[in-house]
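Written out below as structure tokens is the structure these notes cover.
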Amino acid sequence: MKKSNVVAKKALEDLGKELAKEALAGKQPVLNVPVRALSNIHFNAEKKALEIGGKIASRNFFNIAHAKKFLQTVEVAAISKSLVDAGKHTSLRDVFYMAKRTIPNTKVNIVDDQNESDNAIEDLEVITGLAREELHINANKNGSVAGHVVIEDKGDEIDWAKMGSGGWSIPSNVENVKFKKVKAEYVVYMEKAAVWERLHEDKFWDKNNCIIMSSQGQTTRGIRRLLRRLSTEHKLPVYILTDFDPWGFYIYSVLKFGSINLAHMSNKMTLPDAKFLGVTADDIVNYGLKKYFIKFKDIDFTRLKQIANYEWFKKNKLWQRQFKMMKDFGAKVEINAFSAKNISFISEKYLPEKIRNKDFID
Amino acid sequence: MAKKRSAEELAKGQKDISVAEFFERNRHLLGFDNKRKALLTVVKEAVDNSLDACEEGGILPDINVEIIDMGNDRFRVVVEDNGPGIVKAQIPNIFARLLYGSKFHRLKQARGQQGIGISASVLYAQLTTGRAAKITSKTSKSKEAHYFELGINTKTNKPEILKEEKIDWHKEHGTKIQVDIEASYARGDQSVDSYLKQTAIANPHANIAYTNPKAEQFIFSRVVDVLPKEPKEVKPHPYGVEIGVLVKMLRNTECRSLQSFLMNEFSRVGSNTAHEICDNAGLFTNMKPHELQLPHIEKLMEGIKKTKIIAPTTDCISPIGADLLEAGLRKEVAAEFYAAVSRSPQVYRGIPFVVECAIAFGGDQPKDQGARLLRFANRVPLLYQQGSGACFKSVVKTNWRSYGLHQSQNSLPQGPLTIIVSLASVWPPFTSEAKEAIAHYPEIIKEMRLALQDVGRKLGSYVKKKRKVSEQQERINTFEGFIPEVADALFRLSGVSKVKLVDSLKKMLSKSREFVAEHKEKHKVESLVKKDKESKIELRSFEDEEV
């Protein structure tokens, strides 16, 4: 058994033994869960990362308000232990199905939707101090990468430059990936798979000597870990490319500083040196994208206001300027708008110019 | 300019008003405003009289009410009791002469007061169907029953005896009246049904059998074999007397001095008090009552007001009693919680009264409607004009929210609740002659609110306890389900025996179990055994119809 497995097995067993000991001694069993909420999150300006504080919530099984969450957490722990014991990995969705059943003689399900099991897994992470992947639970794989990089994964040698039109598909757990050769000057991470496909078809990574990476939708932990490893182990700068809207800014914020939900894993996830490449308010002006404005709805204004108030943006004049311009526009622009000029405008003109001029926001 | 007329000419226009005319003009005051209400009024007057007669005779009432639909809006009403019966000579006057009765001239708690009710029913029958009232009465086993067919001479207000004979009657004693009247009993009309059911609640010592026009029979059975305490007849208290009454009393008295008049004709007046009243009025104690003039009488009224006189005796009132009121409610309204209170006697305007309240909560009563309010005065249900009476006012002014019920401002509380507010008094202050609502005397409303708060508090603590019991039960059920699951997960994590874990965790529920075991019995919903046809009669009050 691998060393990491031994650690996980022991942590889970200890958790069970402690609770069983309390129960047999006639004490009400209590789970101590570090609080994963805004009230217990603070921004470490030095490390440029969100960190979890010392607040701990006692989750007493016999408190009717906590009972179900208590049950969900120990159930997920037991599932995780069976996975570690068997040396198998499974997905969040599978764990949901393994936990989902109706408690006999009641109408209560242990979990009603995947949110609940996902939350229980995150609680288990903060209780044991182990990452989900170490508990043998993976997210769905999601995302593509291409560049002059050779890696080894489960004994297979993989060249990211020779993966055809789809690129290498990033697994949910990249801890065991070994970098054999890394020949790149920087990494561009983009929110949209369609943009990644454009850049890949145009061999942008080859022409500009870089790595291009994207996900479809949310940035998964596998992608964040891969970016983090390239950034720390190979000192590659990471540039982030999103739509011009509050959600795009938020993606940047999470990648760089971390999120409330995963604040307990900040030291493994954040990218303190990542830069925002675009699309910026100035790009809208400089590249004449105003005609592609999509008008803000109320919710967009609300979200923008929230983000502008984040502690790590509050004193940043460059960012406050962006927020103000966005608010004044009262509109957003999708990155796809560049295609209206010329299908390869983004890979042949926009990105090379931006990178050459070091036109970033930090 | 109008033509001048001589006194002689005017005198031609002045003549006796016949009782028929009087009745026609005042039918709304007497409860005969419309056909539907007329049916109820006839039944009500007859039943009230029967109950009064039985109680005065010291007999547990057995009353049989029958209404027969004869078609064309004609109904035959037959009410029969087992009371002491009526002596032959009195029968025509009691049933066929308006304003004849024993109850008006005395101060004693009774259902009837003015002596109008039953004779008005006989007159109504005569005017609407032309049929005579048929009366049978028997005073003892050894005597024969008298049978009368009676009408009223509408010019002279004297009885007309159409037929009179002695007959055999199976009863030992009692009275039976049969009248044919124009009336209506609409489908779903529950006025008579509901009236009798409410009567049964306030008179748990009575047996009432009732056959409605659809030939359905209902039995409201007796739950207590003791008659209510016989109320004593009292003399008026000086504080309660009005000047008109005082004038009449002075004229009719046999006393020869003002002092002896005050001492003999009033309660709570001794020689000292009589002296004090005379002093305060500036009158001599030896003045002759017959010789007092109006200015003297006005002074006498002031003298009474200035004098401190002890409150009237209260043994002239016979309240239902908290236990019996609750028993009456219990037998007619299936619920899960009952409470009743009987306040101690109080006085308004020198007249003693007692307020009693009861509630029935839960069971099959509708949850999302306003509570049902049942009002009684001297054990008689008040059906009309709910909104204008003191009972309604005191209920809506009580804060039921603090007892765990919903309530909007100036309305009845919401919930599965029946509220009884009952007043017993030698002279209940009605707002009108139809005796439909109790007047707003502050003393009476205050007593009603105190009584309602008393039962309300009991309800509040019940509701709270009940909620707690169900919470604890819910808790036990939840953990009974969760414990094996948690034990199983802990077993899979630690290898500790699942059976031991389940045992140990289940022991931690013992407090909840003890609480539920201790309180469950008292707070369970009574199984509604009484699911008979009587329980289908809706209890409600009635809004006056447009005629």
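The values are calculated or read from the model by the stated rules, or taken from the named source; none is laboratory data. Small disclaimer: the values here were computed from a predicted structure and weren't measured. FYI the Cβ positions are ideal-geometry reconstructions off the backbone, even for glycines, and counts take in every protein chain you see.
Pull up the stretch A:131-161, narrow it to residues that are under 18 Å from the mean Cα position of the chain (by Cα) and surrounded by fewer than 19 Cβ atoms within 10 Å (Cβ to Cβ), then point me to the one that is nearest to the other protein chains (Cβ to nearest Cβ).
A:Asn140
If you take the residues in the stretch B:146-156 that are in a strand (DSSP E or B) and in contact (Cβ under 8 Å) with a residue 40 or more places away in the chain, which one is nearest to B:Gly83 (Cα to Cα)?
The selected residue is B:His146.
Would it be correct to say that A:Ser253 is in a helix (DSSP H, G or I), among the hydroxyl-bearing types (Ser, Thr, Tyr) and not assigned by TED's automatic domain parsing to the domain that holds A:Glu46?
For A:Ser253, the condition - in a helix (DSSP H, G or I), among the hydroxyl-bearing types (Ser, Thr, Tyr) and not assigned by TED's automatic domain parsing to the domain that holds A:Glu46 - is met.
Go through (1) exposed (fewer than 14 other Cβ atoms within 10 Å of the Cβ); (2) part of a helix (DSSP H, G or I); (3) more than 14 Å from chain B (Cβ to nearest Cβ) and name the single condition A:Glu46 misses.
(2)
Can you name the residue in the stretch A:80-97 that is part of a helix (DSSP H, G or I) and touching a residue at least 40 places away in the same chain (Cβ under 8 Å) and is also farthest from the other protein chains (Cβ to nearest Cβ) among such residues?
Of everything passing the filter in the stretch A:80-97, A:Arg93 is farthest from the other protein chains (Cβ to nearest Cβ).
Restrict the check to the stretch B:392-400 and report whether at least one residue is touching a Leu at 6+ places or on another chain (Cβ under 7 Å) and closer than 24 Å to B:Thr41 by Cβ.
Yes.
Test each condition in (1) away from chain A (no Cβ under 14 Å); (2) touching a Lys or Arg at 6+ places or on another chain (Cβ under 6 Å); (3) modelled with pLDDT under 90 for B:Ser527 and report the one that comes out false.
(2)
With the requirement that a residue be out of contact with any strand residue (DSSP E or B) (no Cβ under 7 Å at 6 or more places or on another chain) and part of a helix (DSSP H, G or I), what does the stretch A:259-280 give you?
Within the stretch A:259-280, A:Met265, A:Asn267, A:Lys268, A:Met269 meet the criteria.
Can you tell me which condition B:Ala274 does not meet? The list is (1) surrounded by 13 or more Cβ atoms within 10 Å (Cβ to Cβ); (2) in contact (Cβ under 8 Å) with a residue 24 or more places away in the chain, and all the others hold.
(2)
Only one of B:Ser408, B:Ser461, B:Ser394 is surrounded by 20 or more Cβ atoms within 10 Å (Cβ to Cβ) and either assigned by TED's automatic domain parsing to the domain that holds B:Glu326 or assigned to a helix (DSSP H, G or I) (or both). Can you tell me which?
B:Ser394 is the lone residue from the list that is surrounded by 20 or more Cβ atoms within 10 Å (Cβ to Cβ) and either assigned by TED's automatic domain parsing to the domain that holds B:Glu326 or assigned to a helix (DSSP H, G or I) (or both).
Can you tell me which residue within the stretch B:498-521, out of those that are surrounded by 15 or more Cβ atoms within 10 Å (Cβ to Cβ) and at the interface with another protein chain (Cβ under 9 Å from one of its Cβ atoms), is nearest to A:Lys81 (Cα to Cα)?
B:Leu501
Consider B:Leu509 against the criteria (1) over 28 Å from B:Phe392 (Cα atoms); (2) modelled with pLDDT of 90 or more: it satisfies all of them except one. Which criterion is unmet?
(2)
Can you confirm whether B:Val333 is modelled with pLDDT of 90 or more, under 28 Å from B:Leu459 (Cα atoms), of a type outside the set (D, E, K, R) and in the same structural domain as B:Phe361 (by TED's automatic domain parsing)?
No.
Given the conditions (1) in a helix (DSSP H, G or I); (2) more than 17 Å from the chain's Cα centre (by Cα), which single one is not true for B:Gly363?
(1)
If the requirement is being under 30 Å from B:Lys500 (Cβ atoms) and away from chain B (no Cβ under 14 Å), which of these qualifies: A:Ile41, A:Ile52, A:Ile56?
A:Ile56
Being modelled with pLDDT of 85 or more and closer than 24 Å to B:Tyr441 by Cα: is that true of B:Leu382 here?
Yes.
Would you be able to tell me the number of residues in the stretch A:43-52 that are under 26 Å from A:Phe70 (Cα atoms) and either of a type outside the set (A, V, I, L, M, F, W, C) or free of Cβ contacts under 8 Å to residues at least 12 places away in the same chain (or both)?
Final tally of qualifying residues: 1.
Is the stretch A:50-58 home to any residue that is in contact with a Gly (Cβ under 8 Å, 6 or more places away or on another chain) and among the basic types (Lys, Arg)?
No: zero hits.
Give A:Lys69, A:Lys55 a once-over and let me know the one that is more than 26 Å from A:His136 (Cβ to Cβ) and either among the charged types (D, E, K, R) or at pLDDT 90 or above (or both).
A:Lys55
Of the residues A:Lys327, A:Lys332, A:Lys291, A:Lys305, which is outside any helix (DSSP H, G or I) and either in the same structural domain as A:Val279 (by TED's automatic domain parsing) or aromatic (Phe, Trp, Tyr) (or both)?
The conditions single out A:Lys332.
Exactly one condition in (1) more than 13 Å from the chain's Cα centre (by Cα); (2) on the phi < 0 side of the Ramachandran plot is not met by B:Glu436; state its number.
Every condition holds for B:Glu436 apart from (1).
Provide a single number: the residues in the stretch A:99-130 that are hydroxyl-bearing (Ser, Thr, Tyr) and buried (at least 22 other Cβ atoms within 10 Å of the Cβ).
1
Examine the stretch A:2-15 for a residue that is free of Cβ contacts under 8 Å to residues at least 40 places away in the same chain and within 10 Å of another protein chain (Cβ to nearest Cβ), and state whether such a residue exists.
Checked against the condition, which is being free of Cβ contacts under 8 Å to residues at least 40 places away in the same chain and within 10 Å of another protein chain (Cβ to nearest Cβ), the stretch A:2-15 yields at least one hit.
Quick check, is B:Pro84 at pLDDT 85 or above and not in a helix (DSSP H, G or I)?
yes
Would you point out which residue out of B:Ala46, B:Ala96, B:Ala125 is over 20 Å from the mean Cα position of the chain (by Cα), buried (at least 24 other Cβ atoms within 10 Å of the Cβ), modelled with pLDDT of 90 or more and under 17 Å from B:Glu149 (Cβ atoms)?
From the options B:Ala46, B:Ala96, B:Ala125, the qualifying one is B:Ala125.
Looking at (1) more than 22 Å from the chain's Cα centre (by Cα); (2) surrounded by fewer than 17 Cβ atoms within 10 Å (Cβ to Cβ); (3) farther than 30 Å from A:Asp206 by Cβ, can you tell me which one A:Gln306 breaks?
Unmet for A:Gln306, out of (1) more than 22 Å from the chain's Cα centre (by Cα); (2) surrounded by fewer than 17 Cβ atoms within 10 Å (Cβ to Cβ); (3) farther than 30 Å from A:Asp206 by Cβ: (1).
Out of (1) under 30 Å from A:Gly222 (Cβ atoms); (2) of a type in the set (Lys, Arg); (3) assigned to a helix (DSSP H, G or I), what's the single condition that is false for A:Arg321?
(1)
Take the conditions surrounded by 14 or more Cβ atoms within 10 Å (Cβ to Cβ) and either in contact with a Gly (Cβ under 9 Å, 6 or more places away or on another chain) or within 24 Å of B:Thr418 (Cβ to Cβ) (or both) and apply them to B:Ser140. Does it pass?
No; evaluated as a whole, the condition is false for this residue.
In the set A:Leu24, A:Leu71, which member is out of contact with any Gly (no Cβ under 7 Å at 6 or more places or on another chain), more than 17 Å from A:Leu124 (Cβ to Cβ), within 14 Å of chain B (Cβ to nearest Cβ) and surrounded by 15 or more Cβ atoms within 10 Å (Cβ to Cβ)?
So the residue among A:Leu24, A:Leu71 that is out of contact with any Gly (no Cβ under 7 Å at 6 or more places or on another chain), more than 17 Å from A:Leu124 (Cβ to Cβ), within 14 Å of chain B (Cβ to nearest Cβ) and surrounded by 15 or more Cβ atoms within 10 Å (Cβ to Cβ) is A:Leu24.
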